[in-house]
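These notes concern the structure reproduced below.
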Amino acid sequence: MGRVRWSSLLGLPLLLVAGVALAQPVLRACAHPAAQPMSWEYRGEMHGVCVEMARRAFAAAGWVLRTEAVGPWSRCQAMVEQGQVDVIVCAFDNPRRRQYAVAMEPALARNEGALFVRRDSALKFEGWNDLAGLRVGVGHGVSLGAEVDQQLARHASVDNALTEELNMRKLLLGRLDAVATAREAGEQLLQALGCNAQVRVLPRGLGEAPLYLHMSRRSPALEALPKAASYLLRPDYPAELQRLQRQQAELFHRQSPPRVLPECQR
């Protein structure tokens, strides 16, 4: 079961109560390691819009939120379900996650799902029936929102890979007809992989859905959610979010100079 952790490490702000210095309580968080610019891992550290905004929201509520690189996205979710980690900094809402976590209202941000295909693909997406019988790659444990998840499962043959990069490789090798992922994350991944000439994103999206911060139902800090949520209700929050999205996109590009996959050198 998750436990509130207390830290008095140098550099962390302290609360003074009756002349006694008390360290702020610390919450553990995790995030998708390749959902840029919302969250990504770089040299063992987590970055991204959701990572930074969640940190600010909990700081305003008097908590220290530490987002850790724990490995694959599926592991992050399992750790929250088991109470080993308190918070998923942002994810689409779906019935499965509601079983083990509470989604903080309002949503932290929004994200649009999209289909990525090989440049020479004739696939046109106008409706879900266009995916009938096609092999569509989705990251293991990835949700694009309850409605999109259901439609993909109903109409396509969904193939799960451990990472989005593996899905793109399978697409390039002809083992998939399309990859479904967040539009912005997919576009930035293609640029980082040097595969823009080989893969394109279809113009019509799969739908836009809100991204929520989720807290484990086993976390002893559930009472912190209302205070953290009040940070997202401020009138200037939308402008702050836009600024942070630009800043984090630029940071990802600096950290991820293009590297050309062998599949994209042909």
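Derivation of every value follows stated rules applied to the coordinates shown; laboratory data play no part. Everything quoted here is computed from the prediction, not taken from an experiment. With ideal geometry, Cβ positions are generated from the backbone for all residues, glycine too; neighbour counts draw on all protein chains shown.
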Q) What share of all Cα pairs of the chain, in percent, falls into each consecutive 5 Å distance bin? A) 1, 6, 12, 17, 18, 16, 12, 8, 5, 3, 1, 1, 0, 0, 0
Q: Convert each backbone phi in region 97-114 into a coupling constant with the Karplus relation 6.51 cos²θ - 1.76 cosθ + 1.60 (shift: θ = phi - 60°), then list the ³J(HN,Hα) values in order as whole Hz, x for Gly and Pro.
A: 5, 5, 5, 10, 9, 9, 7, 7, 9, x, 5, 6, 7, 10, 8, 10, x, 8
Q: Pick out, in residue order, every one of the chymotrypsin sites (Phe, Trp or Tyr not before Pro) in region 78-135 that is DSSP loop and has at most 15 other C-beta atoms within 10 Å; say none if there are none.
A: none
Q: Using Cα centres only, tell me the gap between region 42-81 and region 94-112 in whole Å.
A: 15
Q | Considering only region 34-164, percent of DSSP beta bridges that pair antiparallel, nearest 5 | A | 55
Q) Do you know the relative contact order of the chain, to the nearest whole percent, from alpha carbon pairs under 8 angstrom that are 6+ apart? A) 26
(Q) Considering just Cα atoms, how many Å³ per residue does the convex hull of region 115-266 enclose? (A) 147
Q: Using a 10 Å cut-off on Cβ atoms, rank the peptides 239-247, 212-220 from the highest mean neighbour count down.
A: 212-220, 239-247
Q | Computed lengthening from His140 to Ala249, 0.36 nm per intervening residue step minus Cα-Cα distance | A | 36.8 nm
Q: With a cut-off of at most 12 other beta carbons within 10 Å, and DSSP calling the residue loop, which GluC sites (Glu not before Pro) in region 117-181 qualify? Please list them.
A: Glu126
Q) If you place +1 on the Cβ of every Lys and Arg and -1 on the Cβ of every Asp and Glu, how big does the dipole about the Cα centre of region 112-208 come out, in debye to the nearest 20? A) 380
**Q.** For region 195-266, the Rg and Dmax computed from alpha carbons only, in angstrom
**A.** 18.9, 55
Q | Largest-first principal axis extents of the Cα set of region 19-166 (Å) | A | 70, 32, 24
Q) Treating the beta-carbon of each Lys and Arg as +1 and of each Asp and Glu as -1, no other charges, what is the dipole magnitude of the chain about its Cα centre, to the nearest 20 debye? A) 380
